[in-house]
1. Roughly how compact is the range 41-91, stated as its Cα Rg over 2.2 N^0.38 Å to two decimals?
2. Using the Karplus equation 6.51 cos²θ - 1.76 cosθ + 1.60 (θ = phi - 60°), what ³J(HN,Hα) coupling, rounded to whole Hz, does each residue of the range 151-158 give in order, writing x for Gly and Pro?
3. Quick one: Cα centre-to-centre distance for the range 16-41 and the range 127-193, in angstrom?
4. Quick one: length gained pulling Lys85 to Met195 fully straight, 0.36 nm per residue minus the C-alpha distance?
5. With a Förster radius of 25 Å, plug the Cβ-Cβ distance of Glu169 and Lys34 into 1/(1 + (r/R0)^6) and report the FRET value to the nearest 0.05.
6. Where does each of 167-173, 29-35, 136-142 land if you order them by average Cβ count within 10 Å, highest first?
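All of the numbers you see were taken from the coordinates with simple rules; none came from a lab. Bear in mind the structure is a predicted one, so any value in this text is a computation, not a measurement. We place every Cβ from the backbone using ideal geometry, glycine too, and count neighbours over all the protein chains shown.
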Amino acid sequence: MKHLKDDAASSPTVRTSSFILEGQFLGFVLEGSKLKYLRMALADSELEIKLSKQSRASLGTVIHPQDWIQVYGAEICDRHSQNCKLKAYQINRISSQVENHSASFPEVVQTTIDKEAETLIQNQHNSVSAFKILVCQKSGCQKKGAKQQQQRLKTALQERGLSDRVTFESTGCLGKCSMAPNTMLMPGKKRLSGMSTGAIVDLIR
């Protein structure tokens with residue numbers, strides 16, 4: 001699949017690229033009662049694209065199987081595992097199944113992107129977790145307040161609107177037990193032991 005560009009919100013661990021796809025709507029995949037994925041046919045393949053909250057809200061115009069649709073979205077790839085996921089942020093119906101009963105497949109990717117949709121995609125990419133904080137789960141660190149430190153960090157990040165930029169992961173001993181509780185910021189393997197909550201948050205901005 002050809003991409004329009006790599007986005008500024010890409011990080012050392014995640015690469016995001018905007019795209020526009022045009023094709024034939026095949027249906028939705030449900031998870032319980034919730035619309036989870038959209039299935040669409042391109043000229044030579046079929047895709048299953050995850051729906052964002054915004055894309056579900058944008059489905060104001062009902063679309064039916066065989067309708068021709070345009071999907072604005074992003075491919076989000078893990079730089080290490082090379083696993084990629086497609087996510088839709090806006091879906092537009094181009095024309096109905098009746099109007100396109102004899103139509104051929106259009107071009108898969110356009111060369112321009114609607115400014116409003118581009119802004120929407122960019123805002124969504126800004127929420128992709130760019131940092132990971134490793135939290136030692138060994139007894140020494142737990143006794144010295146590792147769990148409480150993690151909660152303080154989560155609260156501070158939420159207050160500053162940065163909670164979506166960070167994920168927390170439990171880990172084994174990080175060494176330097178005399179400085180417990182021990183945590184480490186990834187990427188970069190920066191030790192956070194002894195740093196104040198505010199100083200750690202400043203590293204993530």
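1. Values: Rg = 12.6 Å, N = 51, 2.2 N^0.38 = 9.8 Å.
Rounded to two decimals, the normalised Rg is 1.29.
2. Once θ is set to phi - 60°, the couplings for the range 151-158 become 5, 4, 5, 4, 5, 5, 5, 5 Hz.
3. When both Cα centres are located, 36 Å separates them.
4. On the way: separation 110, 0.36 × 110 = 39.60 nm, distance 3.55 nm.
Using 0.36 nm per residue and subtracting the Cα-Cα distance, I get 36.1 nm.
5. Numbers: r = 27 Å, r/R0 = 1.08.
Between Glu169 and Lys34 the formula returns 0.40.
6. Numbers: 167-173: 12.1, 29-35: 9.1, 136-142: 16.3.
Packing order, densest peptide first, comes out as 136-142, 167-173, 29-35.
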